[in-house]
Every structure is written in structure tokens, then in C-alpha cells.
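To start, the structure itself, in C-alpha cells.
The values are calculated or read from the model by the stated rules, or taken from the named source; none is laboratory data. Quick caveat: nothing in here was measured; it's all calculated off a predicted structure. We place every Cβ from the backbone using ideal geometry, glycine too, and count neighbours over all the protein chains shown. For the accessible areas, the whole protein counts, side chains as well, though only heavy atoms, and no ligand, DNA or RNA atoms are used. Shrake-Rupley method; radii C 1.70, N 1.55, O 1.52, S 1.80 Å.
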Amino acid sequence: MTGEFVAFFILSLLTIGGAVFMISFTRVVHMVISLGITFISIAGLFVLVGADFVGVAQVLVYSGAISILMLFGIMLTKHDANDEGTGRTWKNRFILLFVAGVFGLLFWGVQNTPWPAPPAPVASPVDNAKEIGLEVFTKYVIPFELLSVLLLVALIGAIIMAKKEGDNE
Amino acid sequence: MTVSITSYLMVALILFCVGLYGALTKRNAVVVLLSIELMLNAVNINLVAFSKFGLYPAVAGQIFTLFTMTVAAAEVALGLAILIALYRNKATVNVDEMDQMKR
């Protein structure tokens, strides 16, 4: 029972618990809050693996931006929306069977694959953020720039989509 | 008792399956988008786990995760914009009633 194991246990329990509560809640706002817990726990898992920068980015982008954006989406559509899953039980049961099949297949795959022995922890000469920065701006600089174009297109596209039709100024 | 790669893959697998179930059964479009985010997060966990425990540990997995996050943010922004435009026209967020292209 090392500290890493305890931290992993608690964080993964919070992650899965948040996701399961997200499925079982009926009010949409509660679902978003529960998913926020999941996102923050996933950031904790990232820090546990040693990916500090990705963990911070997870907190900023997911539990910050995306949760708030989802709340805006709920407020702008139906204020007290309930998500009732009634009336389609046979279909839900079929989907449950399908998802259980996918789970079983992937479980079998994960358990039966000979994973390599965990390599000896190499002390990186630079810290995590600097390492990522060096790699992004040398090896992955073209995808990085393409990603900025994608974000610009998404920004303009979202504004045009959500704009009221008819006003042209 | 140490944490192996299998544990991380298991957490990601459970998260992915929960997200898949939610995306297929939920009827509110906002919740469907949330479930898709959950599935993308499961993939992110896998990538970060492989960047440390994989056969060739490299920082590339973390960079891929950053790219996935960016694409997911763009996706959710566009998805909500489409949802709001649709809500303005049809006054519903129920995915069962979004069947204009079937008729």
C-alpha cells in the first residue's frame, strides 16, 4: 500500500463515481456538476502519472471552460430540463447489452496483452512543461499551427451558427 | 502494491463505456455532448498512461492529449452553437425530435 496506490484508488473512484452519477441523475445541471468532479479527478490522475502540464490544461479547459459552456448551453435552451429515460426500455436494454459486449471485449484485450515491464523511471533533464514546449515547437510545429487555424475556424463558425438569422450587420 | 498500466487502462475503459452508454441512451442533446466529452477524456487517460508506462516512454502522448483537448473544445463550442440555433427554430433539445433530415 504505497501512497501512489492510495491516491490512484481515491482518484479513480471519484472519476468513475462522477461518471456513473452523471448517468443516473435526472436533472441536467446536476449532471454537469457531477461531470466537473470527474474532470478534476482526471486532472489528478494526470498529475499522478507525471503529466503536470496536461493536468493543469485539463483543469483549465475541461472543468473550467467546457463545464461553464455546458451550463450556458443549458441556460440558453431549457432552464430546468429533466432527462427522462422512460418509454424506450427495450432499446435501452439492447444498448446496455451492446455496451457490455464492448466492455467485455476490451477488458479481455487489456488483460490478455503482455504489457512491457514498467521502465525504470528516468529523471528527465528538464521539467515536464519545458519538455512539452521543446517538443511542440520543434517536432510538432506544423500540427500546432494547423490547430490554431482549426480553433479560429471553430470560433468564427460558432459565432455564425449561433447568430440570429436575418440581421446582417 | 504499485499502480500498473492495466489499472489506468481499466479506469479509462470503464469511463469510455459509461460515456458510450450515456451518448446512446440520453435524449437531451446537451447530455449527449457531455457523454462524448467523457469518452474523449477516457482516450486522454490512455494516451497519458502510455506516455509513461508504454514500451517507449515519450512525451508525445502528452502532446497528443493536448491536441485532443483542443479539438474537443472546438467540437463542444460548435455543437452548442448548432444546438442553440436548432433550439431557436424548433424549441426542443430532445434528440428524438431532431429528424428534419429524415423527412
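Consider the stretch B:47-63 and keep the residues that are without any contact (Cβ under 8 Å) to a residue 40 or more places away in the chain and surrounded by fewer than 20 Cβ atoms within 10 Å (Cβ to Cβ). The one that is nearest to the chain's Cα centre (by Cα) is B:ALA60. Taking the stated definitions as given, is B:SER4 surrounded by 21 or more Cβ atoms within 10 Å (Cβ to Cβ) and modelled with pLDDT under 90? Considered against the rule, which asks whether it is surrounded by 21 or more Cβ atoms within 10 Å (Cβ to Cβ) and modelled with pLDDT under 90, B:SER4 comes out as no. Taking the numbered list (1) at pLDDT 90 or above; (2) open to solvent by less than 30 Å² (accessible area, probe 1.4 Å) in turn, B:LEU40 passes all entries but (2).
Applying the criterion of at least 1 residues that are open to solvent by less than 90 Å² (accessible area, probe 1.4 Å), at pLDDT below 90 and closer than 30 Å to B:TYR87 by Cβ to the helices (runs of 4 or more DSSP H) found wholly in the stretch A:65-169 leaves A:67-76, A:89-112, A:141-162. Which condition does B:LEU83 not pass, out of (1) at the interface with chain A (Cβ under 7 Å from one of its Cβ atoms); (2) under 30 Å from A:ALA100 (Cβ atoms); (3) open to solvent by 30 Å² or more (accessible area, probe 1.4 Å), if it passes all the others? All conditions are met except number (3). The set of residues in the stretch B:20-29 that are free of Cβ contacts under 8 Å to residues at least 40 places away in the same chain and more than 7 Å from chain A (Cβ to nearest Cβ) contains only B:ALA23. Considering the stretch B:74-95 alone, what residues qualify as being hydroxyl-bearing (Ser, Thr, Tyr) and at pLDDT below 85? If the condition is that a residue be hydroxyl-bearing (Ser, Thr, Tyr) and at pLDDT below 85, then B:THR92 is the only one that fits. Restricting A:VAL6, A:VAL47, A:VAL20 to those that are farther than 24 Å from B:ALA77 by Cα, in a helix (DSSP H, G or I) and out of contact with any helix residue (DSSP H, G or I) (no Cβ under 8 Å at 6 or more places or on another chain) reduces the list to A:VAL6.
For the condition touching a residue at least 60 places away in the same chain (Cβ under 8 Å), touching a Gly at 6+ places or on another chain (Cβ under 9 Å) and either surrounded by 15 or more Cβ atoms within 10 Å (Cβ to Cβ) or part of a helix (DSSP H, G or I) (or both), A:PHE53 qualifies.
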